[in-house]
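Have a look at the structure below, then the notes.
Just so it is clear, none of the values below were taken in a lab; they were calculated from the coordinates. Please read these numbers as outputs of a predicted model, since none were measured by experiment. Reconstructed Cβ throughout: ideal geometry from the backbone, glycine too, with neighbour counts over all protein chains shown.
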Amino acid sequence: MTESELRPLIEAAFAERSLLKGAEHQAAVREVISMLDAGKLRVATRNGPGDWTTHAWIKQAVLLYFGVAPMETMKVGPFEFFDKVPLKSGLKEAGVRVVPPGTVRYGSHIEKTAVVMPGYVNIGAYVGAGSMVDTWATVGSCAQIGSNVHLSGGVGIGGVLEPPGAQPVIIEDGSFIGSRSIVVEGMLIEEEAVIGAGVTLTASTAIVDVSGPEPVETRGRVPARSVVIPGMRPKKFPAGEYLVPCALIIGKRKTSTDKKTSLNTALREFNVSV
């Protein structure tokens, strides 16, 4: 079925779940997940730098899949799993390296030359070519990871399945996410940004650019090539004044034809932990 044929079936079944009893709507759900797995569909597509469109009907299909997929016992060597979503297959043919015990679920797509260390990639997610999902890093449901992105050890990229129209977490090409950082709630990290170790970014996190003469505060996105570190700032409560977390943009990553050199320079110049 084509995308134009699948979408009305998915939207109808999401509005009226009893339709999932029918073979046609079940087949539509399974086809969408198969297309996500193959990279023929994406939960969100890029219109331009920092500009993305979220496709709610595809996220609806992911949610409906849990209603049509049966619980099954899956065995991988001595390990046993009991779940609705099987592991991704065909990794060798796809040119994707997954290091044991890294886990990639069916319905996610990993482009050729990407590497998943002992981390986790959930259904609906997309990981671009040349990217690294390092040890114990997690890529949540429907998260979109660009090309040549490094998710350092222990990074948590949140999943955004509901509501279906909500933007997933998006990490654009060439970005570096430092160890133990958390990026959730539909955050957008624009191209070649450098996020230092231990930064927490949520929809409500204040992101304060302190690189100029006056602070500039934003939320929801990190501008391209920004270098970001954890910060604290005072806030008054009924019980007194306390420090609350924020994120500080302390400069811009230098332009370079060698992006690895550019990244190393940014980390050295701004003393950013990774």
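A few remarks follow.
- Sequence-distant lysines (8 or more away, or on other chains) whose Cα lies within less than 26 Å of residue 59: 21, 40, 84, 88, 112
- Within straight-line cross-link reach of residue 252, lysines at Cα separation under 27 Å, skipping those fewer than 8 residues along the same chain: 260
- For the chain, the residue among 139, 232, 45 whose Cα projects farthest onto the positive side of the dipole built from Cβ charges is 232.
- Largest first, the three principal axis extents of the alpha carbons in region 106-185 are 30, 25, 21 Å in whole numbers.
- Region 110-239: C-alpha pair distances exceeding 25 Å, %: 23 percent
- Angle in degrees between helix 3-15 and the longest Cα principal axis of the chain, rounded to the nearest 10: 90 degrees
- Anisotropy class of region 119-165 from Cα gyration tensor, a/c 1.5 cut: oblate
- Ranked packing of 14-21, 212-219, most packed first, by mean Cβ within 10 Å: 14-21, 212-219
- Compared with the dominant Cα axis of the chain, that is its longest principal axis, helix 56-68 is turned about 50°.
- Contact order for region 89-221, expressed relative to its length and based on alpha carbon pairs under 8 Å spaced 6+ residues apart, stands at 14 percent.
- Comparing 202, 66, 115 along the charge dipole axis of the chain, the residue lying farthest to the positive side is 115, per the Cβ-charge model.
- Residue order, fewest to most surrounding Cβ atoms within 10 angstrom, among 142, 246: 246, 142
- Candidate aspartates and glutamates for bridging to residue 75, where Cα separation is under 13 Å - those fewer than 8 sequence places away on the same chain excluded: 83
- Computed over neighbours whose Cβ is under 15 Å from that of residue 243, the net charge equals +2, Lys and Arg +1, Asp and Glu -1.
- Helix 259-270 axis, angle to the chain major axis (alpha carbon atoms, nearest 10°): 40 degrees
- Neighbours of residue 218 by Cβ distance under 13 Å: Lys/Arg scored +1, Asp/Glu scored -1, total -1.
- Sorting 188, 87 by the number of Cβ atoms found within 10 Å of their own Cβ, with the fewest placed first, yields 87, 188.
- As an equivalent ellipsoid, region 68-110 spans semi-axes of 19, 14, 7 angstrom, where each value is the square root of five times an eigenvalue of the C-alpha gyration tensor, largest first.
- Largest first and in whole Å, the equivalent-ellipsoid semi-axes of the chain read 35, 22, 17, each the square root of five times a Cα gyration tensor eigenvalue.
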